[in-house]
1. Please find, in a Gaussian network model of chain B (springs between Cα atoms separated by less than 10 Å), the residue of B:58, B:249, B:205 whose mean-square fluctuation is greatest.
2. How far is helix A:2-11 tilted, in degrees, relative to the longest principal axis of the Cα atoms in chain A, given as a value from 0 to 90 rounded to the nearest 10?
3. Got the relative contact order for the range B:1-118 handy, in percent, Cα pairs under 8 Å and 6 or more residues apart?
4. Taking every Cα atom in the protein assembly as shown, find the radius of gyration and the maximum pairwise distance Dmax, and write them in Å.
5. Hey, could you grab the Kirkwood Rh for the range B:196-260? Inverse mean 1/r over distinct alpha carbon pairs, Å, one decimal.
6. Need one word for the range A:219-302: rounded, prolate or oblate. Basis is the Cα gyration tensor (sqrt eigenvalues a ≥ b ≥ c); a/c below 1.5 gives rounded, then a/b vs b/c decides.
7. Angle, helix B:95-116 long axis vs. longest principal axis of chain B, Cα atoms, 0 to 90°, nearest 10?
8. Please give the FRET efficiency for residue B:70 paired with residue A:296, using the beta carbon to beta carbon distance and R0 = 51 Å, rounded to the nearest 0.05.
């Protein structure tokens, strides 16, 4: 009964809007709260939240492709990395401001997105797409490793500058609050774009393609156009995260930025929270980033625990934590039935013992 | 001329173990209908098992290789039984098993880091001698690798084509439901097939351990290479994988000679894209 009530509360669109509004309001107020409460590890908490929002934004952009459209493209980190490298190399070689990177970086990512989309468009089965995109991202990684002259290869590219001051806001790295609000704006904008896109007619077309390409085609959905459109939007959004990452972390290595490790994290976050929703990737990204941060003390076992969490959630909640209403209701019913069962048993037991007492009394008397 | 023949032979030798790895992956795909991204990590486990039995416990080469392969075979079956089996058939194309193998890969890599440490370890060559014939130099270690790989491939082919168990595997691959109607225990077939695939990885791992050294991350590039072999040969086609493996080995060997070792993997992965463009079902796969 309780589970039903809880889910009824979460099903109402008003309470949904209230929860998301509260979530963003808390995020917005967080630095102020920390400053007022004079918490000692202020910049540490802000750093963790910055990473949370960055990965949430990235996972949201990937969710458009994988969750809503069912295209298992494992090349999302390539768009991220291309934008990051573009912006930082422009900054170093052409001495352009990192803010210009926010214009050029995502555009470059979009171009690469188009290049990735063309071979993927020809493939329909998911395993083929997975293998093709894995190979594409590996090719990009190897190219960036081999062009040591420009990218410094595995040594890491670190000559970029941080964001220069704009509107009197100083991004010198001593204070994390400017970065916090910058990524907050990017994150909120990406969440908004994803939510609007999911509700639009394109969003419906995307879902139709995910459920059945043939059926969608027969109903007049232009598959090629929709796929390319979503690829371009997704890579454009990922580009923003990349530019921010480059000028925030200030070091890029091909394996960190283009490697499969990053993609695995996005998969874990998306699967964990629930695909094809806006709330799922956000929840997953925050949960996994914070868990990993708290497990920092036992560094050796960190990935072990990560893998176990992923295995267990995938086995018992295949749709992710926020998408498994039916599963939770089933469990709730099981618990309820178990309780009723127990009560009945207890009653029987007590009545039996009563009768035994009666018999005993009779014998005694 | 000698250079070309040398490269050809080198290519066939490295291609033979690509073929072994590719056959393992393609059998998993054909029977379990999922792609296994932990394949490279089982290869790594095979190498470490061999290291454990031969160096730490001090067994001779052949018994420790057999013990290592058997250990990985059992490990693969346990993994399938407890992690993959409950989720097979879920989702549209096996996306849940895909995520599970991804997690399994991380798990195995981390276990290897915890148990054997984050350093390179080595195993001595089985045989140090070098053979020279008509200006072509060959380390006998590599010849042993190629010979064992060829024998393994022939054994696998014979098992699949000629034995009752192999027919059961083919039947399950074609139609699980019909196979179960014919009295085949398909769940058991799934388990044993996954075990065989991991055992093939372990054979390749223990053969290559003396040449390339052992570390927890050695599976990563091998993983994608076995995908390349699978795609070029056609997903699910055992014979195609063998030919594709040899082909990949030869192409890589020439690419290393003429372009430098940095670009050899780029060529290998670009092969997949080209293949997808012109013939998505692979050389020997049937068009669906």
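Laboratory data are not the source of any read-out in this text; all were calculated from the coordinates shown. Since the model is a prediction, treat every value here as computed from it, not as a measurement. Cβ coordinates were reconstructed from backbone atoms using ideal geometry, including for glycine residues, and neighbour counts include every protein chain displayed.
1. B:58
2. In chain A, helix A:2-11 runs at an angle near 30 degrees to the longest axis.
3. Numbers: 72 pairs, mean separation 34.1, N = 118.
Value for the range B:1-118: 29 percent.
4. Every Cα atom of the protein assembly as shown included, Rg and Dmax give 27.9, 114 Å.
5. Evaluated on the range B:196-260, it is 13.0 Å.
6. Working: a/c = 2.59, a/b = 1.54, b/c = 1.68.
Because a/c hits 1.5 or more and a/b fails to exceed b/c, the range A:219-302 counts as oblate.
7. Its long axis makes an angle of about 50 degrees.
8. Numbers: r = 38 Å, r/R0 = 0.75.
It comes to 0.85.
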